[in-house]
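Report on the structure given below.
The values are calculated or read from the model by the stated rules, or taken from the named source; none is laboratory data. What you are looking at is a predicted structure, and each value in this text was computed from that prediction instead of being measured. Note that we place each Cβ from the backbone using ideal geometry, even for glycine, and neighbour counts take in every protein chain shown.
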Amino acid sequence: PKPSAVGHPLLPASVETFSAQQLAEHARRIAGERPTAEGVNGVYWLKENQKWAAQCYYKAEQIHLGSYASLADAIERRLLAEKHLAEGKHPKPPEVGHPLLPAAI
């Protein structure tokens, strides 16, 4: 998927129409283009854990989406949360081991 021309430059135009696999591929492409999370909303480096973290806001509440060993996994989780929000769902990750989520390390 190509980034949208308007709005967040890293998100696909209609994130809710993309499958989890397409979002994962998009996340890998974004991570391959940049060595840091600069420009990726809701993804940042946790210095104390030496891991990437993903977060978002839902109804004015900060939601921690997980900590990940790879930047691509953190971006993927953030994109999945964006998809859930666009579909009107809560962005909190399902139970650990969900097949559509990257494994939190």
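Key figures
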| item | result |
| --- | --- |
| Restricting segment 76-105 to residues that are at pLDDT 85 or above and within 16 Å of W52 (Cα to Cα), the residue that is nearest to the chain's Cα centre (by Cα) | R78 |
| Pair list, Cβ under 9 Å, 6 or more apart: segment 13-25 residue farther than 10 Å from K83 by Cβ, other residue basic (K, R) and part of a loop (DSSP other than H, G, I, E, B) | A13/K2 |
| Hits in segment 42-75 (condition: part of a loop (DSSP other than H, G, I, E, B) and under 19 Å from E87 (Cα atoms)) | G42, K59, A60 |
| Count of residues meeting criterion [touching a residue at least 24 places away in the same chain (Cβ under 8 Å), in contact with a strand residue (DSSP E or B) (Cβ under 9 Å, 6 or more places away or on another chain) and either surrounded by fewer than 20 Cβ atoms within 10 Å (Cβ to Cβ) or at positive phi (or both)] in segment 37-55 | 3 |
| Test: residue in segment 5-19 that is modelled with pLDDT of 85 or more and of a type in the set (D, E, K, R) | no |
